[in-house]
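This report concerns only the one structure given below.
Just so you know, all these numbers are worked out from the coordinates, no wet-lab data involved. Small disclaimer: the values here were computed from a predicted structure and weren't measured. Cβ atoms come from the backbone with ideal geometry, glycine included; neighbour counts cover every protein chain shown.
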Amino acid sequence: MTKVTIYSPESSVRRPGLMLREMFADLKSSGELAWRLARRDISALYRQSFLGYLWAFIMPLATTMAWVFLNASGIVRVAETGIPYPVYVLTGTMIWQMFVEALQAPLQQVTMAKTMLTKLKFPRESLILSGMFKWLFNVVIKLIIIVPVLVYFGIEVGSHQFLVPVAILAILIVGTAIGLLLAPLGLLYTDIGRAIPIAAQFAMYITPVVFAMPEGGLTAKLFHLNFMTPLVLNARAWLTGMESVMVPYFIGVSLGAVLLLFVGWLLYRVTMPVLIERMSS
Amino acid sequence: MIKEEALIKVEGLSKKFCRDLKTSLRYGVADVRDELLGRPRKVDLRPKEFWAVRDIDFELRRGECLGLIGHNGAGKTTLLRILNGLIKPDAGRIEIRGQVGALIALGAGFNPILTGRENIYINASVLGLNRKLVDERIDEILDFAGIGEFIDMPVQHYSSGMAVRLGFATAAILIEPDILFLDEVLAVGDIGFTIKCLNRVRELMRTSAVVFVSHSMPLITSFCTRVMVMDHGRTVMDTTEPGVAVNHYYGLVKNKGVVSGSGGAEVMKATLSINGEALEQDDPSIDQGGQVEVTLRIRVSVPGKVRATVFVDDATLSQMLGVPVMDMNGEHIEFGPGEHLVKVPLGALELNAGKYAIMVVIVDTEDGRSICRHQGLLPFRINADRVYWAKFIRSNVSELLPIGNTATGNVESRTT
């Protein structure tokens, strides 16, 4: 049976059944390419770098040192955190960095592959998937490096961290879903790519990353409404062996994110051909 | 016999582009919105838009090769990109049966930091081929690319030719398409490599339907079974005789006369005649090997004497033929002040099919100064069934000799 392909001006959303079949078929065939592209980018990155894998750790470490200094000198007073403050900030910034990286990945991936996109036909899903692989690689490095720090501060490391992967997966899905939704517009207008890190910076201050959860007032409300709060709190709690918090909200956000990821995928898929023709070839 | 079904069917295909970037991005947002809402595409042009491809129809079967020729911006590459599914048509429909392979943008996806060998695997993945297939044929690829020990060096140290060779070798060895798209990829590397590429493409052509975009007319006439001439997005000619299409394509070239020199003489009128008959129309088409004469009316207004030479320029403005204006004694005819009418025989124009024009150069006999150099005069075309890889084409009759005749020397050769 020969494969028949039809190209017509008709929008693909008019035939949802066919579209879904094609989406999953392409996702399946994206695996190997995504893996190869991820390996390509990772090995190219580290071949050109002296500090190599350490870079995944340097940023959170620098932030931690800054905040530990601010806290110790009394410039900023952070409420009681339950665990040593350096551990609180280090885990917080690392978790936050994971989220920001996942958020930026889709747009970065398609922007980097512009030449390939305008000239070659390959499953577009592979770019997003390869971004996820690269992200996972960075996460693993971060975890490897954080373990000795936890041990140093007297936190037990072992089987009771079994929930950590769940938190990591949730962060990946939330970040990628939002990133995917922003990617199409971001491909047309570079403003989006510039705005993401700035917005993430602001969002960090209404998330318990370097600050503890505030007791009351408007900030407390913001912290509680923020969908990143349950993710960051639980990721940290599970990493450092503390009690889970805001569990229903965590589950709600995770399920919502899965749905959002699917919507983002649809959007990405439908808009890609339109966007490619607006890029220079 | 039942005719095999067409592998490519194109009906009323159109695509519009926008001239202005900012507007283009705005339209992009509008198109995305319509696409998401499932609205049909608007078929009329919005401000600042134009048709890059307009109402293209064709069908192609296995073993057929369609050549697309036209000037830059005629829509050939855009058409190929739509066929390849990279961008969506604005109107019309394409039906493609079977596996598509494209030899386009070779080496896109190469990472300069990684070695050639690593990049072969990446490139193959981008083409949708798995590791096992590459493992099986890696020696063949290396052999084809012929870049020796460089294969384990980072691609950034490659010359541009080497990178393209590697890209071509990877794609050309691995793909086994039913439908093949080619875009100007054969003009890479040295002649040895070019010939390897051409032979490989011929091999692929036997089992596939091919769409081939090129500016090389010899390639078009030797590969294609059918040629479409495109101009401003439209098909202006669609024929199974490549020679006719090439001739038509050359007819689309508008050359303008360019006059330079210090002044003091001018060509007032010029006419071409073939086999004694004057050609009245603009841009005439002359059959290869026709006897051509040019009649010039020149006016000299400098006091001294001048002499003239008539040239035939090809499309790249290089001189193919020079005919000094001489008398029967082999001396230059010297023209004094005033008007002169002179008939200059150019002989049989055994030129390769293509676009040509006359150039007249008038120099001062005293000091050799160019006082008039009139280029692009009387553009004309040479018409033939085939375009060869040569400047001059002579259709002589060869003679078969009995074997054992040892009048010829041994030929030394080296295979590259």
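Taking only the C-alpha atoms of the stretch B:1-103, the Rg (one decimal) and the largest Cα-Cα distance, Dmax (whole number), read 15.5, 55 Å. Listed by chain and number, the aspartates and glutamates whose C-alpha is less than 12 Å from the C-alpha of A:LYS121, apart from same-chain residues fewer than 8 away, are A:ASP26.
Note down the net charge around B:LEU341, summing +1 for each Lys or Arg and -1 for each Asp or Glu among other residues with Cβ under 11 Å from its Cβ.
Taking every Cβ under 11 Å from that of B:LEU341, the sum is +3.
Taking the fewest neighbouring Cβ atoms within 10 Å as the starting point, the ordered list for A:TYR205, B:TYR121 is A:TYR205, B:TYR121. Normalised radius of gyration (Cα atoms, divided by 2.2 N^0.38 Å) for the stretch B:211-262: 1.42. With a cut-off of 12 Å between beta carbons, the residues surrounding B:VAL306 carry a summed charge of -1, where Lys and Arg count +1 and Asp and Glu -1. Structural descriptor for chain B: relative contact order 15 percent, calculated from alpha carbon pairs under 8 angstrom and at least 6 residues apart.
In the neighborhood of B:PHE58, defined by Cβ-to-Cβ distances under 12 Å, what is the net charge if each Lys or Arg adds +1 and each Asp or Glu adds -1?
Values: positive: B:LYS9, B:ARG61, B:ARG226; negative: B:GLU11, B:ASP55, B:ASP57, B:GLU59, B:GLU64, B:GLU95, B:ASP238.
In short, -4.
Structural descriptor for the stretch B:130-184: relative contact order 43 percent, calculated from alpha carbon pairs under 8 angstrom and at least 6 residues apart.
From the largest down, the stretch A:38-125 spans 57, 27, 20 angstrom on the principal axes of its Cα atoms. Ordered by the number of other Cβ atoms lying within 10 Å of each residue's own Cβ, fewest first, B:VAL164, A:VAL147 fall into the sequence A:VAL147, B:VAL164. Taking only the alpha carbons of the stretch B:164-298, we obtain Rg and Dmax values of 20.9, 65 Å in that order. Using only alpha-carbon positions in the stretch B:289-416, the gyration tensor eigenvalues give semi-axes of 39, 18, 15 Å once each is multiplied by 5 and square-rooted (largest first).
For each pair in A:LYS119/B:LYS15; A:LYS119/B:LYS88; A:LYS114/B:LYS42; B:LYS355/B:LYS391, compute the distance between the two Cα atoms and list the pairs where it is over 19 Å.
Beyond 19 Å: A:LYS114/B:LYS42.
Between B:ASN72 and A:LEU54, the modelled labels are 4.9 nm apart [label points 7 Å from Cα along Cα→Cβ]. Indicate, rounded to the nearest 5 percent, the antiparallel portion of the DSSP beta bridges found entirely in chain B. Just about 75 percent of them are antiparallel. Seen from every direction in turn and averaged, the convex hull around the alpha carbons of the stretch A:155-241 projects onto 6.8 nm². The charge dipole of chain B, taken about its Cα centre with unit charges on the Cβ atoms of Lys, Arg (+1), Asp and Glu (-1) only, comes to about 1380 debye. All alpha carbon pair distances within chain A were sorted into 5 Å bins beginning at 0; the resulting P(r) in whole percents reads 1, 5, 11, 15, 17, 15, 12, 9, 6, 4, 2, 1, 0, 0, 0. To the nearest whole number, what is the average tally of beta carbon atoms from other chains within 10 Å of the beta carbons of peptide A:184-194? Partner Cβ neighbours, averaged per residue: 2. Along its three principal directions, the equivalent ellipsoid of the protein assembly as shown from the Cα gyration tensor extends over semi-axes of 66, 28, 26 Å, largest first.
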